[in-house]
Amino acid sequence: MAAQKLEVSDRVKAILDHRHDDHDRSQIPTRRPIYEAAFENYAEEGRDIRIAMGFKRFLAEKKILIREHDILAGFAYRYTYKPSFPFNLPDDYDPLYRPPAGIDTCQEAEDAIVANGFAADSVEAGEMRAFAKCVSKWFYKHWETGHIIPGYEMLINTGFGGLANEARQRLAEADESRKPALRAMLICLEAASGYILRYADFARDLAEKTETPAYKAHLVEMEASLRHIAHGPARTFFEAVQLIWLAHEMLYAESFPASFSFGRMDQYLYPFYVNDLKSGKLTDAEAADILDALWIKFGITLHGYQNITIGGLNERGEYASNELTIMMLRSSRKTLFDQPLLCLRYHDSMPDDVWEESVELLKTGIGLPAIFIDEFCIRAKKRMGHSAEDAANYALVGCVEMACPGKEYAKTEALRINTGKILEIMFFNGKSNCLGSTGIIGNAVDQSLKLTDDHGEDYVYPLFTGYRIDAIDDFRAMLDWYKEELKAHLAYAMTSINRLDSALPKCYPTPFLSVLIEGCIQNGKDVTAGGAKYNNSGVNLCGLPNVADSLAAIQKLVFTDKRYTLKDFQDAMKADYVGYEDMLDAIEHDCPKFGNDVSAVDDIMAELVAAAESVVNGFGNPRGGHWQMGLYSVEDHVKMGINTGALPDGKRKGEALASAVSPVQGKDVNGPTAAVNSLLKTDLSAATNGMVLDIKFSPSFFDKTSHHRALRMLIQAYAQQGGGEIQFNVVDRETLLDAQIHPERHKDLVVRVSGFSAYFTSLIRETQDEIIKRTEHAGV
Amino acid sequence: MRGAEFVSNIQRFSLDDGPGIRTTVFLKGCNLRCAWCHNPENLKFSPVLQFFQASCQACGKCVKACPQNAHRILDGGHVFDRDLCEACGKCASVCRTGALKLVGDRTSPEALFRELVKDRHYYASSGGGVTFSGGEPALRPGYIIEAARLCRAEHIPVALDTAGNVPFENYAALLPHIDLFLYDVKCFDPSLHARWTGVDNRLILENLRALDKAGAAYIIRVPVIPQFNADMGEQERIARFLATLPNRGLIQLLPYHVYGVGKYEALGFDYGLDRQAPPSAEFMDAALKRYRQSGLNAEIA
């Protein structure tokens, strides 16, 4: 039973066939000059107003487009606007691929030093510059904005006009301190209405020119809908979807790309769907076409991490799936794009039809849907201070992070720490054997920036305890030292991000996003200043399975068997194991590996996570929120691995680190239950910012329906034992190898990497290798 | 080690040897010689050495390790003289590429249980458990009873995958400790059976009748093998026989596959069956229909 691709309607096929027509590099640099002109024209105003005016002018001038066959208005461009935030983005990248883009954290730190009032030569300024340097070397990773589920549900039920009325009312009552933020939000709301009216005019003009009667009729209806939703709430299923898309488009005009996710779309669109069906305004086929059209827009923008959450318990504790749940799973199977990321909320009471439809999508190998365990996620949100009602309504954002739709400024990707590199530099007094490449930005590796002389720079990374490797004489001392360094790095990096965040409302407020997050209008505060109801920040640990395997190897070979010394490890790591092949053999064959249900190493993992949690939990941020911990790595385990030298687990210089908390690639040989058991020895409730467990199957695994049931039972047992997220790659090794040799034949190959799906051929070679190496749990 | 037996493999997340998620234990030693056997490493009761030529890098470590001088490196290639090999496993313990593998690990029931209990949550959530397979596990009733006692004390159900060619007293002893038998019926004609497996099937069919009468829960498994029994006449005879069993449950038809062929080469065995294509889907469907016409609850597994 091979995976079956579903066919789209002729109407949707026309959209699909023209989806590549909108390449237009000229638009990439348009945003920044318009914003800069607005900043100049409103030089006497505060930062909020100047940014709001930039937004307004950009929306008035930017390119918009509807094609006559379009079902939804909206310009699904394939590029990213150059933002005003310190950001590296070339003006001329190829919009066929995601842009190589990254934050210029060194500049961001300089801005924040000024905004925080730190003297240029102060201790704080020095710490922030050192932090930024660590970010540039992938010791830490920092991402700004995004990772938010805007209040799209609130928007379709209130409308931009309703939000503007509220903002006006609050402005009339507000004290002086709140007025600038509220005025900025009001400017953005008016700009948003104006933008939708531009589309209404476009639809009217296009309708006049169009000769195909069916297209013409739809464009006339589209124009009427657009005129209404420019201010009013959505009245129909079509209007709800249309309004969400245009608001989404506008958010990407305000901020540079990061995850904007959609929350529980099958739930909040359902009343519109039911009403329209009842009144005869809509058929199932039309609803499917509208969703397919929306999916195509998500897919061709190439913006990453657009999550849609389906299924899950409702506030009464019943599993809430409906016709739209199934329809959305099918839209993904019809389009097979890597966006949107479909996230299925799992509970034991999930009906079989949802599971069978999910299996059909899994069989395609695009790694969707990812499975999220309701008990785990709801408990995590409650632990982070969410009300019972809000916790039950969680949805996914970014890769695997739980957020409260429309009420949370989540910032789940604020920080990631390369835990492997901490271990490496402990052997070398703060130095690394891998200068690495600072030329990785976004998904691309700029080979010209790859430095060849890895010993050419004597950069010393921070170590906090003052211990030295040659003074360590038992395993407990080694493990405790690592835990101390890990905790100190976490505290240092979280403090640094807090300092950057304190500067955000002064430097880079986001007034349009603020109107879409409940609480900001009411509090008269920008979302970056703490206007939202929930304000947590995320720190994510990368490479922990390598550290656990490394420490287990040290325990076995140095302290139990006494076959090698720590000095031997130091020498071997420095030589990248060249000339130390016997040692590499001993590590490979004689030491326990995480992922095989062996307590000697699984317990180390548990201890590391608990140590990290003890410092993350309770660490505050400037918006009145708290830090929460994630055990997932996106694609950064590859990038961080490239920038990390050899490790005691046998990882060679430049090789990828383990993905998330999945076993080190290829080291789990006892099947999926053993891999799951290994992980479950760790108290995963610490992972309040989400976690990932990758399990890979070959397509033949799904040939038998008894296997579909068994997979569900695997998830059920995982859920009952405290698991959080599990995702499945269904690709055979030969296909992946062939895709490396003949990328042109496999353009459509989508794989789940670590928390996101992507086109295999668009990934860097190192990530491709890593996916291939992941153990394949063949058809048993 | 008292009470220990040679186990060749403990397969976790096993989904095709009984209901639910299971762990399958493969015991060494069999008294049939089926031409299509896909676990030839379990035919002998003692350990055997597997040599996977494709994984060998001719590093020569095994040459030094072998007390029998069974390994040599000639012109950069590995030459293995199997006649000299006593399957002591010394070469496998120094082999780093996985080319040499000793199959058969002496395992006590207690040590075995410690592995089996690890997946108890998955057994419970899926209605699964432990399956003993082989080889012919029914040749080792004492060992299985010991392991099954430990499992069932922890509410882990136990299944036995057997070809039926053992004295009935073995089954009589096993019966109180086994929740489910997976019982192979390969063909009905005794001479056909003898030609393809080395023994005729009178005892096998007798044992099945006796197990049925004794009230055992069992699933019948019929391997469908080209050249041997993949013809409608033989399938018809099997179906008619099975229909005479009053307490029969599920009947699974298992289409032949070629996944075991590589193992023959690694063991230095000749493959008893010419490389055959699996039976066609049409044939399998027709056979299934025939079983169902006899009132049997059959499926293709």
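The values are calculated or read from the model by the stated rules, or taken from the named source; none is laboratory data. From a predicted model like this one, the values you see are computed outputs, not experimental measurements. Reconstructed Cβ throughout: ideal geometry from the backbone, glycine too, with neighbour counts over all protein chains shown.
Structure data summary
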item	result
Filter result (on the phi > 0 side of the Ramachandran plot and away from chain B (no Cβ under 14 Å)) within the range A:589-642	A:G618, A:G624, A:V634
Unique residue being part of a helix (DSSP H, G or I), modelled with pLDDT of 95 or more and in contact with a helix residue (DSSP H, G or I) (Cβ under 7 Å, 6 or more places away or on another chain) when the list is B:N165, B:N170	B:N170
Subset tally (residues that are outside any helix (DSSP H, G or I) and surrounded by 23 or more Cβ atoms within 10 Å (Cβ to Cβ)) for the range B:108-135	8
Condition check for B:F113: more than 14 Å from chain A (Cβ to nearest Cβ), aromatic (F, W, Y), within 21 Å of the chain's Cα centre (by Cα) and over 30 Å from B:D274 (Cα atoms)	yes
Wholly within the range A:255-343, helices (runs of 4 or more DSSP H) carrying at least 1 residues that are surrounded by 24 or more Cβ atoms within 10 Å (Cβ to Cβ) and at pLDDT 95 or above	A:265-268, A:284-301, A:323-335
Hits in the range A:147-191 (condition: in a loop (DSSP other than H, G, I, E, B) and crowded, with 18+ Cβ neighbours inside 10 Å)	A:H147, A:I149, A:P150, A:G151
Residue selected from the range A:735-750 under the condition among the acidic types (D, E) and part of a helix (DSSP H, G or I), by the criterion modelled with the highest pLDDT	A:D738
Selection from the range B:14-34 of residues that are modelled with pLDDT under 90 and in contact with a helix residue (DSSP H, G or I) (Cβ under 7 Å, 6 or more places away or on another chain)	B:L15
Neighbours by Cβ (under 6 Å, 6+ apart or cross-chain): first from the range B:126-139, closer than 20 Å to B:L150 by Cα; second of a type in the set (D, E)	B:T131/B:D17; B:T131/B:D161; B:S133/B:D161
Answer residue from the range A:561-579, given it is among the hydroxyl-bearing types (S, T, Y) and touching a residue at least 12 places away in the same chain (Cβ under 8 Å) and is nearest to A:D470 (Cα to Cα) among those	A:Y564
Checklist (1) within 14 Å of chain A (Cβ to nearest Cβ); (2) of a type in the set (A, V, I, L, M); (3) touching a residue at least 40 places away in the same chain (Cβ under 8 Å); (4) farther than 28 Å from B:E146 by Cα applied to B:I21, failing item	(4)
Members of the range A:314-330 found to be touching a helix residue (DSSP H, G or I) at 6+ places or on another chain (Cβ under 7 Å) and closer than 12 Å to A:Y346 by Cα, listed by number	A:A320, A:S321
Residues of the range A:668-692 that turn out to be in a loop (DSSP other than H, G, I, E, B) and within 14 Å of another protein chain (Cβ to nearest Cβ), as a count	5
Search result, residues across the range B:243-284 that are surrounded by 12 or more Cβ atoms within 10 Å (Cβ to Cβ), within 17 Å of B:A230 (Cβ to Cβ) and either more than 18 Å from the chain's Cα centre (by Cα) or not assigned by TED's automatic domain parsing to the domain that holds B:A210 (or both)	B:Q276, B:P278, B:P279, B:S280, B:F283, B:M284
Selection from the range B:127-157 of residues that are touching a Pro at 6+ places or on another chain (Cβ under 8 Å), within 23 Å of A:M713 (Cα to Cα) and β-branched (V, I, T)	B:V130
Criterion: touching a helix residue (DSSP H, G or I) at 6+ places or on another chain (Cβ under 9 Å), within 11 Å of chain B (Cβ to nearest Cβ) and either farther than 19 Å from A:Y346 by Cα or surrounded by fewer than 23 Cβ atoms within 10 Å (Cβ to Cβ) (or both) - qualifying residue of A:F697, A:F702	A:F697
Exclusive hit being in contact (Cβ under 8 Å) with a residue 12 or more places away in the chain, under 19 Å from A:D289 (Cβ atoms), surrounded by 18 or more Cβ atoms within 10 Å (Cβ to Cβ) and hydroxyl-bearing (S, T, Y), set A:Y195, A:Y215	A:Y215
Hits in the range A:705-748 - residues which are in contact with a strand residue (DSSP E or B) (Cβ under 6 Å, 6 or more places away or on another chain), more than 14 Å from chain B (Cβ to nearest Cβ) and among the small types (G, A, S)	A:G724
Scan of the range B:124-135 for residues that are over 15 Å from the mean Cα position of the chain (by Cα) and more than 9 Å from every other protein chain (Cβ to nearest Cβ), ordered by number	B:G129
Residue in the range A:346-366 that is more than 26 Å from A:F728 (Cβ to Cβ) and within 22 Å of the chain's Cα centre (by Cα) present	no
Some residue of the range A:117-124 being part of a helix (DSSP H, G or I) and not acidic (D, E)	yes
When residues of the range A:565-588 are limited to those that are among the hydrophobic types (A, V, I, L, M, F, W, C) and either closer than 10 Å to A:G650 by Cα or part of a helix (DSSP H, G or I) (or both), the one farthest from the other protein chains (Cβ to nearest Cβ)	A:L566
The range B:136-164, residues that are surrounded by fewer than 23 Cβ atoms within 10 Å (Cβ to Cβ), among the β-branched types (V, I, T) and either within 15 Å of the chain's Cα centre (by Cα) or away from chain A (no Cβ under 14 Å) (or both)	B:I145
Selected residue (only one of A:F75, A:F58, A:F39, A:F85 is of a type outside the set (S, T, Y), more than 25 Å from A:H142 (Cα to Cα) and assigned to a loop (DSSP other than H, G, I, E, B))	A:F75
Residue within the range B:49-69 that is of a type in the set (D, E, K, R), surrounded by 15 or more Cβ atoms within 10 Å (Cβ to Cβ) and away from chain A (no Cβ under 14 Å) present	no
Residue in the range A:64-86 that is modelled with pLDDT under 95 and touching a strand residue (DSSP E or B) at 6+ places or on another chain (Cβ under 7 Å) present	yes
Residue satisfying all of: in the range B:79-107; part of a helix (DSSP H, G or I) and within 13 Å of chain A (Cβ to nearest Cβ); nearest to B:L267 (Cα to Cα) among these	B:A92
Pick from the range B:24-48, criterion in contact with a Leu (Cβ under 9 Å, 6 or more places away or on another chain) and outside any loop (DSSP other than H, G, I, E, B), ranking: nearest to the other protein chains (Cβ to nearest Cβ)	B:V25
